[in-house]
Amino acid sequence: MPKHIASGLKYLAAVKLREQGYFQKDIAEKLGMDRSTVSHYLNGRNLSWSSIEVAEAVTGCCNRDFLYMTYSLTGNIDNTRTIVGILIEDEFQAKVKDSCIGCGVCVDACLMNNIAIKDLKCNIDTADCCGCLECQLNCPTNSIQVLEVENFNK
Ligand code: SF4
Ligand code: SF4
């Protein structure tokens, strides 16, 4: 069953990319699938509707649970980053306070691979941030705040 749900997640991502104007070739490349499978998916073949329904329920979870469930279902971090990046549309920004001690805990906590230590301080690239808040929750000095862009300057 996990494989079927992972396929359901890829289906949802493929549909989203198609709506955004991507060609089947590009969708196949992005999702690490062969082109004929993408074609079958986009034509509603080779997938059970229950897999798609469960996948939709997974995408309806909070961003953190969606990220971790996708990782456990696909077993592949690159596929996880791609699927989550496509299906989470919200944009995030991050503030790092001067209290950062450059310990790197947040680097290890970020499954989306957005954080690096530069000049002994945490540096967050939010282009691929999914808002899971793992960096914020794990920081021992409470130095990170991640917010959706629309709430960032409030
Ligand atoms: S976990 Fe906190 S203190 Fe450590 S590098 Fe990241 S922001 Fe800085
Ligand atoms: S909230 Fe933090 S841990 Fe999660 S993706 Fe964004 S930068 Fe990475």
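Report, by residue number, each residue of segment 18-27 that is surrounded by fewer than 20 Cβ atoms within 10 Å (Cβ to Cβ) and part of a helix (DSSP H, G or I).
Within segment 18-27, the subset surrounded by fewer than 20 Cβ atoms within 10 Å (Cβ to Cβ) is 18-26.
Within segment 18-27, ARG18, GLU19, GLN24, LYS25, ASP26 meet the criteria.
State whether one or more residues within segment 86-93 are touching a residue at least 60 places away in the same chain (Cβ under 8 Å) and out of contact with any strand residue (DSSP E or B) (no Cβ under 9 Å at 6 or more places or on another chain).
Yes.
Could you go through segment 119-137 and let me know if any residue there is touching a residue at least 40 places away in the same chain (Cβ under 8 Å), within 26 Å of ALA28 (Cβ to Cβ) and within 10 Å of the chain's Cα centre (by Cα).
For segment 119-137, residues touching a residue at least 40 places away in the same chain (Cβ under 8 Å), within 26 Å of ALA28 (Cβ to Cβ) and within 10 Å of the chain's Cα centre (by Cα): present.
Of all strands (runs of 3 or more DSSP E) completely enclosed by segment 71-154, which ones contain at least 2 residues that are near ligand 2 (Cβ under 9 Å from one of its atoms) and surrounded by 14 or more Cβ atoms within 10 Å (Cβ to Cβ)? Walk me through it before giving the result.
Numbers: elements: 92-96, 115-118, 121-124, 144-148.
So the answer is 92-96, 144-148.
In segment 67-102, what count of residues is obtained for those that are out of contact with any Lys or Arg (no Cβ under 7 Å at 6 or more places or on another chain), modelled with pLDDT of 95 or more and at positive phi?
0
Could you tell me whether any residue of segment 32-48 is outside any helix (DSSP H, G or I), under 16 Å from CYS132 (Cβ atoms) and more than 16 Å from ligand 2 (Cβ to nearest atom)?
To start, the set of residues in segment 32-48 that are outside any helix (DSSP H, G or I) comprises 32-34, 43-48.
With the extra rule that they be under 16 Å from CYS132 (Cβ atoms), the set shrinks to none.
The answer is no; no qualifying residue exists.
With respect to ARG45, is the statement that it is basic (Lys, Arg), surrounded by 12 or more Cβ atoms within 10 Å (Cβ to Cβ) and assigned by TED's automatic domain parsing to the domain that holds GLU29 true? Even if it seems obvious, please write down each step before you answer.
On the way: basic (Lys, Arg): yes; surrounded by 12 or more Cβ atoms within 10 Å (Cβ to Cβ): no; assigned by TED's automatic domain parsing to the domain that holds GLU29: yes.
Answer is no for this residue.
Just checking, which of GLU148, GLU134 is of a type in the set (D, E, K, R) and away from ligand 1 (no atom under 14 Å from the Cβ)? So that I can check it myself, show each step before the final result.
On the way: GLU134 fails: away from ligand 1 (no atom under 14 Å from the Cβ).
GLU148 is the lone residue from the list that is of a type in the set (D, E, K, R) and away from ligand 1 (no atom under 14 Å from the Cβ).
Kindly establish whether SER7 is among the hydroxyl-bearing types (Ser, Thr, Tyr) and surrounded by fewer than 16 Cβ atoms within 10 Å (Cβ to Cβ). Spell out the reasoning first.
Working: among the hydroxyl-bearing types (Ser, Thr, Tyr): yes; surrounded by fewer than 16 Cβ atoms within 10 Å (Cβ to Cβ): no.
Here the answer is no, as SER7 does not meet what is asked.
The values are calculated or read from the model by the stated rules, or taken from the named source; none is laboratory data. This structure is a prediction, so every number in the text was calculated from the model and none was measured. Neighbour counts run over all protein chains shown; Cβ positions are idealised from the backbone, glycine included.
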